[in-house]
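Participant: Got a structure for you, questions after.
The numbers here are math on the coordinates, done by the rules we state, and not lab data. Everything quoted here is computed from the prediction, not taken from an experiment. Positions of Cβ are backbone-derived with ideal geometry, glycine not excepted, and every protein chain shown enters the neighbour counts.
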Amino acid sequence: AQSVTQLDSHVSVSEGTPVLLRCNYSSSYSPSLFWYVQHPNKGLQLLLKYTSAATLVKGINGFEAEFKKSETSFHLTKPSAHMSDAAEYFCVVSDLPSAGANNLFFGTGTRLTVIP
Amino acid sequence: GAVVSQHPSRVICKSGTSVKIECRSLDFQATTMFWYRQFPKKSLMLMATSNEGSKATYEQGVEKDKFLINHASLTLSTLTVTSAHPEDSSFYICSARIRDGETQYFGPGTRLLVL
């Protein structure tokens, strides 16, 4: 079975400093992994996706994540935080997609606060 | 591409009335759509999986007679909250996926407030 653990429920950084949001996964096979971002009262926006190609994945808005199989991790990083990055971030693992069934397993989310 | 819309974005209704929420995939055909519910400061909770032309599959604990789901076309799924009560107040989010695809594309959500 697939599962995701987001190690921090809340991360606070100063504007202009690096962002690190941690995610560990459990999977019985080589999974696909996603990071989604949710701004207040909004839906989820796909930041980036790993699908067994390059282990370093670049996403939108300057975010990137590195898949490390040995550590079962998929941490999200950004070199320099902007105020607009303040949001909730979800790490998600995908089960083998089967027609008609759900395939995504969500982490509990990490709230990122950016201090001016 | 891969845009999903929801309507309405916000709705207030009286207790006992029914509310319909629409989820549309605007630029792709979604063979499968999903309905989620999100409580404040919580992650998404899957309510049901909706396949075009078939009955929806509900997660354990979700009342199918209360949350009616219809997926009549490859671009539209609807969720009707019947006889709404204040405890049904929540943020409802849909997502859509192409056949055999992995990525779910999410709508902007609908805030339901039942008075």
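Participant: Taking loop as defined by DSSP and a crowding limit of 16 other beta carbons within 10 Å, which GluC sites (Glu not before Pro) in the stretch A:35-116 fit?
Facilitator: Working: sites: A:Glu64, A:Glu66, A:Glu71, A:Glu88; in loops: A:Glu71.
For GluC sites (Glu not before Pro) across the stretch A:35-116 that sit outside H, G, I, E and B with at most 16 neighbouring Cβ atoms in 10 Å, the list reads A:Glu71.
Participant: To continue, here is another question. Using Cβ counts within 10 Å as a stand-in for footprinting exposure, how do A:Leu44, B:Leu46 rank, fewest first? Display every interim value, and only then the final one.
Facilitator: On the way: A:Leu44 27, B:Leu46 18.
Listing A:Leu44, B:Leu46 from fewest to most nearby Cβ atoms yields B:Leu46, A:Leu44.
Participant: Would you look at the GNM of chain A, springs on alpha carbons closer than 10 Å, and say which of A:Ala54, A:Ala65, A:Ala81 moves the most?
Facilitator: Fluctuation is largest for A:Ala54.
Participant: State the answer as a single residue: which of A:Thr55, A:Pro40, A:His82 lies farthest towards the positive end of the charge dipole of the protein assembly as shown, with beta carbon charges of +1 for Lys and Arg and -1 for Asp and Glu, about the Cα centre.
Facilitator: Farthest towards the positive pole: A:Pro40.
Participant: Considering every residue in A:87-95, what mean count of other chain Cβ atoms within 10 Å of its Cβ is obtained? Intermediate results must be reported in sequence, preceding the final value.
Facilitator: Details: counts 0, 4, 0, 2, 0, 4, 0, 4, 1.
Going residue by residue through A:87-95 and averaging, the value is 2.
Participant: Pull the list of chain B cysteines that no other Cys approaches to under 4.7 Å, Cβ to Cβ.
Facilitator: B:Cys13
Participant: Gain in length, B:Leu113 to B:Leu26, computed as 0.36 nm per residue apart minus the alpha-carbon separation, to one decimal in nm? Don't skip to the answer; put the middle values down first.
Facilitator: Details: separation 87, 0.36 × 87 = 31.32 nm, distance 2.63 nm.
Full extension of this stretch gives 28.7 nm more.
Participant: Contact order normalised by length for the stretch A:1-100, with contacts defined as Cα pairs under 8 Å and 6 or more residues apart; what percent is it?
Facilitator: Result for the stretch A:1-100 is 35 percent.
Participant: Pop out the ³J(HN,Hα) list for the stretch A:90-95 in order, Karplus 6.51 cos²θ - 1.76 cosθ + 1.60 with θ = phi - 60°, rounded to Hz; leave Gly and Pro as x.
Facilitator: Here the 3J(HN,Hα) series is 10, 8, 9, 10, 9, 6 Hz.
Participant: Only counting other Cβ atoms within 10 Å, I'd like B:Cys94, B:Cys13 sorted with the fewest neighbours first.
Facilitator: Numbers: B:Cys94 31, B:Cys13 16.
Listed from fewest to most nearby Cβ atoms, that is B:Cys13, B:Cys94.
Participant: Still on this structure, please answer the following. ³J(HN,Hα) across the stretch A:75-88 via Karplus (A = 6.51, B = -1.76, C = 1.60, θ = phi - 60°), whole Hz, x for Gly/Pro?
Facilitator: 6, 9, 9, 8, x, 8, 6, 10, 4, 5, 7, 4, 4, 9
Participant: Sticking with this structure for a sec: Rounded to the nearest 0.05, what FRET efficiency do A:Asn41 and B:Asp65 give with R0 = 25 Å and r taken as the Cβ-Cβ distance? Could you check?
Facilitator: On the way: r = 29 Å, r/R0 = 1.15.
That pair, A:Asn41 with B:Asp65, gives E of 0.30.
Participant: Explain nothing, just the number: relative contact order of chain B, from Cα pairs under 8 Å at least 6 residues apart, as a whole percent. Could the numbers behind the result be given before it?
Facilitator: Values: 293 pairs, mean separation 42.2, N = 115.
Worked out over chain B, it gives 37 percent.
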